[in-house]
1. For the range 19-136, build the charge dipole from Cβ charges (+1 Lys, Arg; -1 Asp, Glu) around the Cα centre, then report which of V58, P128, G92 sits farthest towards its positive end.
2. Local charge sum around G119 (other residues, Cβ-Cβ under 15 Å, Lys/Arg +1, Asp/Glu -1)?
3. Per residue of the range 109-116, what does 6.51 cos²θ - 1.76 cosθ + 1.60 with θ = phi - 60° give for ³J(HN,Hα)? Whole Hz please, x for Gly and Pro, Karplus curve as stated.
4. Let me know the Kirkwood hydrodynamic radius for the range 19-136, please, with Cα pairs as the basis and the value in Å to one decimal.
5. With N set to the number of residues, divide the alpha-carbon radius of gyration of the range 74-130 by 2.2 N^0.38 Å and report two decimals.
6. Pop a pseudo-label 7 angstrom from the Cα along the beta-carbon direction at both R97 and R130 and give the gap in nm to one decimal.
Amino acid sequence: MSRRSRRAAAAPGTGAGPARPTVTVCRGCCCGTPKVPGVDHAAQLRDLREALDGTATVRVTGCLDACERADVVVVQPSAAGRAAGGRPVWLGLVNDRDATADIAAWVESGGPGIAEPPGILDLYTFNPSRRVRAELHE
């Protein structure tokens, strides 16, 4: 099954993706580990899940192969956000509670394609390689 058909199969009848945003939190080889000292990784994940309960899907994944930017969080748009032109936003070095709160506030407002992110998130945004982006969908 190709990536394209897997995505379409994940959203029967729409082909546009999930109804609400998805926040993917990397917890691979570097993210979420003592390699990033001074960060309460469990609290970061708990804060996102609590803040976005009912608003977005928060999921944990293995290594996204952007280890030099640990901790990595990817915000994927809802179906409406994608229809409005929103695309996944990759955020790196998300290592403090303020950044987590800014991400949660943005996603609560609609996320990519619906709401503009707080300006401070520009400091965290990066563009991964095509190969790394593809791994998010596998």
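1. P128
2. Numbers: positive: none; negative: D98, D102, E116, D122.
Result for the neighbourhood of G119: -4.
3. These are the phi-based 3J(HN,Hα) values: 7, x, x, x, x, 10, 10, 6 Hz.
4. 14.0
5. 1.07
6. According to this spin-label approximation, the distance is 4.3 nm.
Here, each number is a calculation from the coordinates, and none is a lab measurement. This structure is a prediction, so every number in the text was calculated from the model and none was measured. Ideal geometry is used to build each Cβ from the backbone, glycine not excepted, and the neighbour counts take in all protein chains shown.
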